[in-house]
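Undergrad: A single structure is presented below for examination.
The values are calculated or read from the model by the stated rules, or taken from the named source; none is laboratory data. These numbers were taken from a predicted model, which means no experiment stands behind them. Positions of Cβ are backbone-derived with ideal geometry, glycine not excepted, and every protein chain shown enters the neighbour counts. Quick note on the areas: whole protein, heavy atoms, side chains included, nothing else; ligands and nucleic acids left out. Shrake-Rupley method; radii C 1.70, N 1.55, O 1.52, S 1.80 Å.
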Amino acid sequence: MEYIATFGSTHKALKAEQVLKRKGIAFKLIPTPKKIAAFCDLAVSFEDITAVETTFRDSNVKTAAIYIKKGDEYVKV
């Protein structure tokens, strides 16, 4: 399953990238799909939601939302 985390700013997305790299968690930095958020150009795509949520919580990384991708649709988790 592919999950996508969105952020309130590019700065927060880049902080998330740093934290995930440091923890060795697999992810991709992607352009934010316009269907789900227009306020930040970057999002993080990943598969291990448990590891990402734990890492974000422990590192004080704030997401705007997390979505699961189902075909062409995005469903808020």
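Undergrad: Is at least one residue of region 2-16 modelled with pLDDT of 95 or more, in a strand (DSSP E or B), touching a helix residue (DSSP H, G or I) at 6+ places or on another chain (Cβ under 9 Å) and among the aromatic types (Phe, Trp, Tyr)?
TA: For region 2-16, residues modelled with pLDDT of 95 or more, in a strand (DSSP E or B), touching a helix residue (DSSP H, G or I) at 6+ places or on another chain (Cβ under 9 Å) and among the aromatic types (Phe, Trp, Tyr): present.
Undergrad: Checking Val52 against (1) modelled with pLDDT of 95 or more; (2) touching a Gly at 6+ places or on another chain (Cβ under 9 Å): exactly one of these is not met. Which one?
TA: (2)
Undergrad: Given the options Glu53, Glu73, Glu17, Glu47, name the one that is open to solvent by 90 Å² or more (accessible area, probe 1.4 Å), under 12 Å from the mean Cα position of the chain (by Cα) and not small (Gly, Ala, Ser).
TA: Just one listed residue meets the conditions, Glu47.
Undergrad: Consider Ala13 carefully, then state whether it is touching a residue at least 60 places away in the same chain (Cβ under 8 Å) and closer than 25 Å to Gly71 by Cβ.
TA: no
Undergrad: Given the criteria open to solvent by less than 30 Å² (accessible area, probe 1.4 Å) and at pLDDT 95 or above, does Ile30 qualify?
TA: Spelling it out, it is not the case that Ile30 is open to solvent by less than 30 Å² (accessible area, probe 1.4 Å) and at pLDDT 95 or above.
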